[in-house]
Amino acid sequence: MTFLPIVQRELRAGARRPGAHWLCFSSAAAACGIWLLLLSTRKGAVSPSQMAVTLFWSVTIVVFAFCQFAGLFLTADCISVEKRNGTLGLLFLTDLKGHDVVLGKLASTSLHAVYGVLGVLPMLALSLLLGGVAVGQFWRTAGVLLATLMLSLAIGLAVSVFCREALEALIGTLVVILGLLVGPVLLNVLAHALGPGSTAAGELARTLSPVSGLVLARDANFNSSGGAARFWFFLAVQFALCIAALAVASVRVARTWFEGQGTAGEAAGVWTRRLRFGDATFRERRRATLESNPFLWLALRDRLPRAAIETVMLLLFAIWLSFVISTFATRGNAREVCFGVVMFMAFGMHVVWKILVAIEASRRFSEDRQSGALELLLVTPLGVGRMLKGQWLALRKTFLRTAVLLTMMNLGIIGIILGPDPVRMGKEAGLFTFILSVGAVLLWTDYAALTQSAMWAALRTRHPARAVLNSIGRIMFVPWAGLLLLYFIAMGSRGISEDAIYAIVFVWWIGAMIVDGVALAVARSQLGANFRKAVSGDAVASGPARDPALAHKSLPRP
């Protein structure tokens with residue numbers, strides 16, 4: 001038998017796809033654009049070595065963010081979708097083993113991502129010609145990026161093996177990735193804030209975070225006492241976690257397609273259904289919703305999505321609140337570090353919440369379209385308008401509490417800045433108050449645009465993760481690109497006045513509001529006009545082409 005047959009087939013097929021070559025080209029072109037932007041905004045007498053360092057780390061940060069979250073959109077749902085379609089068990093009727101399936105899925109989903117990262121490395125190597133970055137630092141940074149990418153993809157595969165629904169897989173992958181990314185760093189900050197006795201434990205925890213790899217890859221840290229040992233230990237831990245995740249997925253995938261059968265499986269299924277759908281009393285109270293809007297009852301029938309989303313946000317809020325308390329409990333430099341974590345976590349929680357909105361908003365339509373339930377609903381007297389209204393009401397009930405929580409967090413930080421002001425911001429207090437107020441407003445406008453765009457994206461694509469990525473790209477890409485642009489301009493310019501910063505933030509806010517308004521209007525228009533066509537597959541660009549000979553014929557309406 002051929003060694004790893006699925007891997008060989010997927011690598012050959014993937015290498016011939018035009019998308020792989022276009023992604024490699026576009027990633028290199030994006031890195032080149034960042035270079036040109038930084039060079040054009042650079043003012044004053046700056047040495048080539050300083051310019052090289054700025055260019056190198058600016059591109060590295062963007063590529064690192066891509067590597068860190070690649071598993072969320074590429075591998076998080078690749079095994080669970082086989083479970084839902086009932087095709088996973090067919091693979092094991094052949095001579096294939098668990099590692100054949102897992103590595104084959106990894107090869108098919110990760111080839112484009114690897115091509116994209118490799119396409120950026122030559123642009124990073126240009127810093128070597130300017131003299132600001134050493135050869136060793138370049139190769140160490142490249143190793144950290146590839147290790148981060150492979151670990152993210154392996155985590156998505158491992159989580160997908162244990163899940164069946166797309167929402168479970170996506171949220172589970174997001175939680176694990178965020179836990180490895182931020183958790184060790186937060187533990188290290190808390191360890192330093194609590195006192196020198198817990199510093200060793202904090203350093204050990206920090207080594208597990210991929211962010212530490214970029215810090216340890218720098219020449220100053222690598223050449224310090226024990227720096228080389230810490231870097232190679234970090235790299236070994238990352239690859240060990242990657243291999244462990246793939247091994248767990250390989251062992252589990254061969255057993256997961258028939259799980260739930262037998263007496264034990266039936267008992268577990270009864271208990272799971274009670275947790276998700278409630279007992280008889282709870283279901284009886286829900287019947288009033290069934291009479292008013294059946295689709296709203298269907299969308300709220302499963303309690304798991306709302307519970308999972310609120311649990312994730314409450315856990316993050318508890319961590320954020322501990323750093324707020326630490327800001328007042330500590331002194332000196334530790335107080336500034338804790339308050340910096342408070343600001344960073346508030347922004348991160350907004351991003352995570354918006355990703356969860358896109359996931360949940362696209363899940364219902366995506367699952368029902370794949371199962372054929374939407375087509376069955378369209379032949380009933382329910383109507384498209386009531387279906388869209390029911391979905392919107394369900395999303396509002398799912399996310400209202402967490403949206404209010406995030407808004408109160410922003411207002412709480414504003415109160416801390418304008419009140420006690422533990423870090424003595426001074427003149428910068430007004431600027432941060434304005435930025436936090438803008439963020440609170442964008443939270444609600446982004447929510448409105450994301451829900452509608454995600455619903456429409458779910459009808460236009462067959463893959464739930466692609467629907468999430470499509471909706472996030474439409475709403476968040478322009479604001480995030482604007483933030484990067486402002487960051488690059490700030491790095492390349494000197495002496496920006498406070499009034500100019502206010503004007504830049506105000507223009508960015510208006511631009512983000514315009515993007516939300518346009519996306520909301522387009523999605524609502526498409527949902528109202530082309531909902532039936534999208535459900536039947538006529539409006540899906542990725543669907544099978546229709547026979548031109550039958551184009552003049554029309555099927556009778558139900």
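Here are a few things to note about the model shown:
- One chain, two ends: A244 and L130. Fully extended at 0.36 nm per residue, the span grows by 37.1 nm beyond their Cα-Cα distance.
- Mean shadow area of segment 275-402, taken as a quarter of the surface of its Cα convex hull (nm²): 9.7 nm²
- Among F328, F323, the order by Cβ neighbours within 10 angstrom, fewest to most, reads F328, F323.
- Remark: for residue pairs K397/K533; K354/K389; K354/K397, the C-alpha separation exceeds 22 Å in K397/K533.
- The simple Förster model, with R0 at 30 Å and r as the Cβ-Cβ distance, assigns T87 and V62 a FRET efficiency of 0.25.
- Alpha-carbon Rg/Rh ratio, for segment 331-465, with Rh computed the Kirkwood way: 1.16
- Considering every alpha-carbon pair of segment 407-481, the percent of pairs per 5 Å bin, from zero through the bin containing the longest distance, is 3, 15, 19, 15, 12, 11, 10, 8, 5, 2, 1.
Laboratory data are not the source of any read-out in this text; all were calculated from the coordinates shown. Quick caveat: nothing in here was measured; it's all calculated off a predicted structure. Every residue, glycine among them, receives a Cβ derived from its backbone with ideal geometry; neighbour counts consider all protein chains shown.
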